[in-house]
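Beneath this line is the structure, given in structure tokens, with notes to follow.
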């Protein structure tokens, strides 16, 4: 009989229990014991939920207090586990580890830093303790371990050869077996990236050594098609992501020596699975291998989805049945398992009704939006003048100093601000009172920036709950959950909008707030917008049409806002595309098509702007080397990027053989850490940036928005940033 399995479970808690426990611990209100108890409770709840749903293979060791890559680095002796949170968040005297996106998801991992002659020393407790916890509850679990290839690929620094990790992984597998594990899930998503024959040969040798351990190995790949050579590796089970890469099934069936785990339920999106469609590959695999060699699973860990769609009673009653969060996906797996040999008409009747209703609903189709998108021509994607002419027009309109200072957009979201938004939604605060409160917060932010001497101001975005959710709430085609939180990194949780239908903008979204902020100052005030690709990437996106079509609809809606801001007198409009690179397909052969249409959507958004309107964009956690020609084609007047954790190394991509011709603002301090860098540290980073870019094209700004930081550290950090910029202005040009 086919079995069911889950590769990983959500870990923040249905009510963000982990977030609040971490923040209480960091603030010193609670101790390590209380934090660990919260973790144990969340693990227990996840296991019991999976058992109650009838799942046969339940994960352990996938839970983390901050990040599973950091956990692995500590467990392998690369980092000191006693400094766990210092590695993640930094301290007053040390920088945190670099942080970047987990493949093409919106989850962030911490990048381990390896040194020459790297030594490894195992502490297996991260996996053995939860294994024993689950066993004490009468629940047999499968430990989830990040594999050696992926660990090394995700790390930076002086990387040792892959075979150097064999002894420590063999030891780990042995200790897991001694702790009661019968099988271990070895996560190797990097096997789904472009791997050379030499790399695959090396991995085959390593894997041959690992399978000698006294446990069965389930080799898990996901997010893209695995190289066909992976199919023949001697794994007891091979997991394939058939949502992202259904085409790999046929070749795998001919080569896989053990069980085949079919990832047919989307682990990254929230839509109810078409179970008839999911059964097609299951039936094919069962016919070829027999049901005892087939496992039915999500495409990847369920870390990327919220807990329960059933709680979302505020979502339109027509849309809600279309949704499947973690709880519903567990039920889908159970139904699929029963349907292999069961009465499909009875088992699938409800699912068939929901699937049909969604497919034919008028909520998903707006003819006017489709007509507008269909009428686009090549000229709709171009600014009215090339960059050199625009730069001259913008400098004629507004005179800025060398090394102009600015920030990325948001300022601290205080408890008072969040309470005002809650009170407005609850009807406890009227709209006029809410507006007055927010205007007062904007006035404070403007006054602080003027006092600090910042050159191009922002209004601070106090009225915005999230840079995507705020816009989605004002656009047609989006729904919003109350409890749909997912982990972005550490204690940072996001609640992505649910993009279910065609997108349009019924009225201006930001203009009145910008007008009020600009009325308070003679300095230029940036208009702040989120770009179409980022709205797409940071939403749960409809899966019933190509993503390019959905992104084009969003671009047209945001372009309307650009036009209205400009008409109101806005000089600088920032269209953030923080997520542009994270949407990049993992296989190189698929990347050019994505980047082409993604950049087209940005260009479509800003094309209406006049030559003397300065268009900014912002990107974070990006490595640009392989896509510089596309970054250049964005043609933003100013691009700001995350750069501080890399020590400005990211700028090398902008000064290589294909030099970025426009203006650049490399972030000079990391806003994800509470540490405040000194003036001297910031000045050194500016010197490094100036050596690469040149003073004429250089802006000075933080890495990202300041929403999650406290006012005390923001004031001091920005004070130091402005002081460093003034020092560099006064320095003799190189």
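List the helices (runs of 4 or more DSSP H) that sit entirely inside the range 1-102 and contain at least 3 residues that are within 16 Å of residue 145 (Cα to Cα).
Fully inside the range 1-102 and qualifying: 68-75.
Which residues, counting only those in the range 385-403, are over 11 Å from residue 696 (Cβ atoms), in contact (Cβ under 8 Å) with a residue 24 or more places away in the chain and surrounded by 13 or more Cβ atoms within 10 Å (Cβ to Cβ)?
385, 387, 389, 390, 393, 394, 397, 398, 400
Surrounded by fewer than 23 Cβ atoms within 10 Å (Cβ to Cβ), in the same structural domain as residue 356 (by TED's automatic domain parsing), over 24 Å from residue 147 (Cβ atoms) and out of contact with any strand residue (DSSP E or B) (no Cβ under 8 Å at 6 or more places or on another chain), is that true of residue 250?
Here the answer is yes, as residue 250 does meet what is asked.
Can we say residue 657 is touching a strand residue (DSSP E or B) at 6+ places or on another chain (Cβ under 8 Å) and either surrounded by fewer than 21 Cβ atoms within 10 Å (Cβ to Cβ) or modelled with pLDDT of 80 or more (or both)?
Details: touching a strand residue (DSSP E or B) at 6+ places or on another chain (Cβ under 8 Å): no; either surrounded by fewer than 21 Cβ atoms within 10 Å (Cβ to Cβ) or modelled with pLDDT of 80 or more (or both): yes.
Against the criterion (touching a strand residue (DSSP E or B) at 6+ places or on another chain (Cβ under 8 Å) and either surrounded by fewer than 21 Cβ atoms within 10 Å (Cβ to Cβ) or modelled with pLDDT of 80 or more (or both)), residue 657 does not qualify.
Which of the residues spanning the range 563-581 are surrounded by fewer than 22 Cβ atoms within 10 Å (Cβ to Cβ) and in contact (Cβ under 8 Å) with a residue 12 or more places away in the chain?
Across the range 563-581, the qualifying residues are 563, 564, 566, 568, 569, 571.
Those residues that are assigned to a loop (DSSP other than H, G, I, E, B) and surrounded by fewer than 18 Cβ atoms within 10 Å (Cβ to Cβ), I need them from the range 484-507; list them, please.
Quick first cut of the range 484-507, residues assigned to a loop (DSSP other than H, G, I, E, B) only: 484-485, 490-491, 495-497, 505-507.
Once the filter is applied, which keeps residues that are assigned to a loop (DSSP other than H, G, I, E, B) and surrounded by fewer than 18 Cβ atoms within 10 Å (Cβ to Cβ), the range 484-507 yields 506, 507.
Do you know which residues across the range 284-313 are over 30 Å from residue 538 (Cα atoms) and free of Cβ contacts under 8 Å to residues at least 24 places away in the same chain?
Of everything in the range 284-313, those that are over 30 Å from residue 538 (Cα atoms) and free of Cβ contacts under 8 Å to residues at least 24 places away in the same chain turn out to be 287, 290.
Only one of (1) in a helix (DSSP H, G or I); (2) closer than 20 Å to residue 379 by Cα is not met by residue 591, so which one is it?
Failed condition: (2).
Out of curiosity, is residue 473 within 22 Å of the chain's Cα centre (by Cα) and outside the structural domain of residue 314 (by TED's automatic domain parsing)?
yes
Going through 440, 419, 447 one at a time, which residue ends up being farther than 22 Å from residue 599 by Cβ, under 31 Å from the mean Cα position of the chain (by Cα) and in a helix (DSSP H, G or I)?
Details: 440 fails: under 31 Å from the mean Cα position of the chain (by Cα); 447 fails: under 31 Å from the mean Cα position of the chain (by Cα).
Every option except 419 fails the conditions.
Would you mind telling me which numbered condition in (1) in a helix (DSSP H, G or I); (2) in contact with a strand residue (DSSP E or B) (Cβ under 6 Å, 6 or more places away or on another chain); (3) closer than 29 Å to residue 66 by Cβ residue 689 fails?
(3)
Are there any pairs with C-beta distances below 7 angstrom linking a residue in the range 415-426 that is on the phi < 0 side of the Ramachandran plot to a residue that is in a helix (DSSP H, G or I), with the two at least 6 apart or on different chains, and if so which?
417/441; 420/434; 420/437; 424/434
Residues being in contact with a strand residue (DSSP E or B) (Cβ under 9 Å, 6 or more places away or on another chain) and surrounded by fewer than 23 Cβ atoms within 10 Å (Cβ to Cβ): count how many of those fall in the range 70-86.
So the count comes out to 3.
Could you say whether any residue in the range 274-289 is within 18 Å of residue 142 (Cβ to Cβ) and under 32 Å from the mean Cα position of the chain (by Cα)?
No: zero hits.
Is at least one residue of the range 71-80 assigned by TED's automatic domain parsing to the domain that holds residue 143 and within 30 Å of residue 337 (Cα to Cα)?
For the range 71-80, residues assigned by TED's automatic domain parsing to the domain that holds residue 143 and within 30 Å of residue 337 (Cα to Cα): absent.
Taking residue 713 as the residue in question, decide whether it is within 30 Å of residue 418 (Cα to Cα) and outside any loop (DSSP other than H, G, I, E, B).
Judged against the criteria, residue 713 is a match.
Are any of the residues in the range 467-478 part of a loop (DSSP other than H, G, I, E, B), modelled with pLDDT under 95, in contact with a strand residue (DSSP E or B) (Cβ under 8 Å, 6 or more places away or on another chain) and closer than 19 Å to residue 534 by Cβ?
The answer is yes; a qualifying residue exists.
Just to be sure, is residue 651 in contact (Cβ under 8 Å) with a residue 40 or more places away in the chain and buried (at least 22 other Cβ atoms within 10 Å of the Cβ)?
For residue 651, the condition - in contact (Cβ under 8 Å) with a residue 40 or more places away in the chain and buried (at least 22 other Cβ atoms within 10 Å of the Cβ) - is met.
Output the residues belonging to the range 317-332 that are buried (at least 16 other Cβ atoms within 10 Å of the Cβ) and over 15 Å from residue 271 (Cβ atoms).
Hit for the range 317-332 is 330, nothing else.
Out of 280, 341, I need the residue that is more than 17 Å from residue 540 (Cα to Cα) and part of a helix (DSSP H, G or I). Which one?
Details: 341 fails: part of a helix (DSSP H, G or I).
Exactly one of 280, 341 is more than 17 Å from residue 540 (Cα to Cα) and part of a helix (DSSP H, G or I), namely 280.
I'd like to verify a number: residues in the range 70-87 that are farther than 21 Å from residue 107 by Cβ and in contact with a helix residue (DSSP H, G or I) (Cβ under 7 Å, 6 or more places away or on another chain), how many?
1
Among 672, 616, which is the only one that is at pLDDT 95 or above, in contact with a strand residue (DSSP E or B) (Cβ under 7 Å, 6 or more places away or on another chain), in the same structural domain as residue 468 (by TED's automatic domain parsing) and not in a helix (DSSP H, G or I)?
Selected residue: 616, the only one of 672, 616 that is at pLDDT 95 or above, in contact with a strand residue (DSSP E or B) (Cβ under 7 Å, 6 or more places away or on another chain), in the same structural domain as residue 468 (by TED's automatic domain parsing) and not in a helix (DSSP H, G or I).
Count, please, the residues in the range 290-320 that happen to be over 26 Å from the mean Cα position of the chain (by Cα) and either farther than 20 Å from residue 242 by Cβ or assigned to a helix (DSSP H, G or I) (or both).
Count: 7.
The values are calculated or read from the model by the stated rules, or taken from the named source; none is laboratory data. The structure displayed is predicted, hence computed values, not measured ones. When we count neighbours, we look across all protein chains shown, and the Cβ atoms used for this are built from the backbone with ideal geometry, even at glycine.
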